[in-house]
Amino acid sequence: MKLVRYATKGGSTLGIVKNDGVVDLHKHWPALGDDMIYLIQSWPDIVAGLPNLVAEATPDAALAEVRLLAPVGRPGKILAIGLNYADHVKETGQQTPAHQIWFTKAATAINPPFDPIQLPMASAQVDYEAELVVVISQRCKHVTKERAPEVIFGYCAGNDVSVRDWQLRTSQWVLGKSFDTHAPIGPWIVTPDEIGDPHTLGIRCLVNGELRQSSNTRHLIFNVFDQIAHLSQAMTLEPGDLIFTGTPGGVGLAMKPPQWLKPGDRVRVEIDQIGAIEAAMRPEAL
Ligand code: ZN
């Protein structure tokens, strides 16, 4: 199943994709509201009824006519791993990490999948990073990698937009990764039954139609399950928490000379079996 949040006249709602349309879940379960995290928590109670509902429902809107929102509007945490594809490690001149390198992105960086991404006033070194994003399904701690699939609610495409001068001029990357609008995700959450093994997915980034990154999640150094096992030794993971699982080679930083995103550039992230998000770069306005 593909679950979306989208804008309506009165605000926003949750939906489920049916062919080229979207079925408004709020109409059938008013208590759901527009909160994906509440839907994730309610999932065990509603999932059995969903296939019938979708089969019988007429879509309430065409997908092409709605403005999709970030499927999780305000995650409790956004965790992201650095240097997790060998070709990306090499292009940045670093050593393959012995330990997983984690940083956070601010929850306020979340952005809808097709809305403009800000080029901040504070920097001219804005870069893209195509990433598979994992959505956590339940409160959990000390999850083994064997049991990690049990705590995955679904997957999205994401762009770990990075402000390279702010990221790299100190040892902590958090600020350079946390500018407003720099965590676009979507276009929906795809449930694991439609994905199967998450380590077989082609992943690409295109800038103005030019292929910049092209890899496969089989090349992850620490795979999705390793990541959940590692993180959950340290902290409780909660429904709706997001994990950005790393980016392959081909970032603008590593081009010679470096190619930074400019006003009007269109950045597209595609992942097989999930879909694509695409946004124009727009200068930040006061
Ligand atoms: Zn990244």
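I'm trying to understand the selection: among the residues of segment 138-159, which are more than 21 Å from T191 (Cα to Cα) and in contact with a strand residue (DSSP E or B) (Cβ under 9 Å, 6 or more places away or on another chain)? Within segment 138-159, K141 is the sole residue that qualifies. Applying a threshold of 6 Å to beta carbon distances and a minimum spacing of six or more residues, or different chains, the list of pairs starting in segment 94-109 at a residue that is under 19 Å from G249 (Cβ atoms) and touching a residue at least 12 places away in the same chain (Cβ under 8 Å) and ending at one that is in a loop (DSSP other than H, G, I, E, B) and open to solvent by less than 30 Å² (accessible area, probe 1.4 Å) reads P97/L83; I101/L83. Scanning segment 174-198 for residues that are touching a helix residue (DSSP H, G or I) at 6+ places or on another chain (Cβ under 8 Å) and outside any strand (DSSP E or B) returns L175, G176, K177, S178, F179, D180, T181, H182, P192, P198. Residues that are of a type in the set (D, E, K, R), under 29 Å from V135 (Cβ atoms) and over 17 Å from the mean Cα position of the chain (by Cα) within segment 243-271 comprise D265, R266, listed in sequence order. Could you please let me know if V17 is outside any helix (DSSP H, G or I), at pLDDT 95 or above and over 20 Å from the mean Cα position of the chain (by Cα)? No: the conditions fail for V17. Please indicate, with yes or no, whether at least one residue in segment 249-269 is loosely packed, with under 14 Cβ neighbours inside 10 Å, among the small types (G, A, S) and either at pLDDT below 95 or more than 16 Å from the ligand (Cβ to nearest atom) (or both). Yes: segment 249-269 contains one or more residues that are loosely packed, with under 14 Cβ neighbours inside 10 Å, among the small types (G, A, S) and either at pLDDT below 95 or more than 16 Å from the ligand (Cβ to nearest atom) (or both). Quick one: would you say R169 is open to solvent by less than 40 Å² (accessible area, probe 1.4 Å) and of a type outside the set (A, V, I, L, M)? In short, no. Do we find a residue being out of contact with any His (no Cβ under 8 Å at 6 or more places or on another chain), outside any strand (DSSP E or B) and either more than 25 Å from T92 (Cβ to Cβ) or of a type in the set (S, T, Y) (or both) anywhere in segment 211-223? No, because not a single residue in segment 211-223 is out of contact with any His (no Cβ under 8 Å at 6 or more places or on another chain), outside any strand (DSSP E or B) and either more than 25 Å from T92 (Cβ to Cβ) or of a type in the set (S, T, Y) (or both). Can you spot a residue in segment 44-57 that is in contact with a strand residue (DSSP E or B) (Cβ under 8 Å, 6 or more places away or on another chain) and open to solvent by 40 Å² or more (accessible area, probe 1.4 Å)? The answer is no; no qualifying residue exists. A search for C-beta distances below 9 Å between a residue of segment 44-64 that is within 12 Å of N19 (Cβ to Cβ) and any residue that is among the basic types (K, R), counting only pairs 6+ apart in sequence or on different chains, returns V54/K18; A55/K18; A57/K18; A57/K27; T58/K18; P59/K18. Taken as a whole, the structure leaves R218 outside the set of residues that are open to solvent by 10 Å² or more (accessible area, probe 1.4 Å), within 23 Å of Q259 (Cα to Cα) and basic (K, R). Filtered by the rule that a residue be open to solvent by less than 60 Å² (accessible area, probe 1.4 Å), over 15 Å from I78 (Cα atoms), outside any strand (DSSP E or B) and among the small types (G, A, S), segment 90-141 gives A122, S123.
Which of the residues belonging to segment 114-140 are closer than 30 Å to L286 by Cα, away from the ligand (no atom under 16 Å from the Cβ) and touching a residue at least 60 places away in the same chain (Cβ under 8 Å)? Walk me through it before giving the result.
Step one: of segment 114-140, the residues closer than 30 Å to L286 by Cα are 114-131.
Add one more test, that the residue is away from the ligand (no atom under 16 Å from the Cβ), and what stays is 114-116, 118-124.
Correct list: F114, D115, P116, Q118, L119, P120, M121, A124.
Looking only at segment 142-173, filter to residues that are among the hydroxyl-bearing types (S, T, Y) and either closer than 20 Å to C205 by Cβ or part of a strand (DSSP E or B) (or both); which one of those is farthest from the ligand (Cβ to nearest atom)?
Of segment 142-173, the ones among the hydroxyl-bearing types (S, T, Y) are 144, 155, 162, 170-171.
If we keep only those that are either closer than 20 Å to C205 by Cβ or part of a strand (DSSP E or B) (or both) as well, we get 155, 162.
On the way: Y155: 16, S162: 7 Å.
Here the answer is Y155.
If only residues of segment 235-248 that are assigned to a strand (DSSP E or B) and within 16 Å of the ligand (Cβ to nearest atom) are counted, the one that is nearest to H88 (Cα to Cα) is F244.
The values are calculated or read from the model by the stated rules, or taken from the named source; none is laboratory data. Small disclaimer: the values here were computed from a predicted structure and weren't measured. Glycine also receives a Cβ, built like all others from the backbone with ideal geometry; neighbour counts cover every protein chain displayed. For the accessible areas, the whole protein counts, side chains as well, though only heavy atoms, and no ligand, DNA or RNA atoms are used. Shrake-Rupley method; radii C 1.70, N 1.55, O 1.52, S 1.80 Å.
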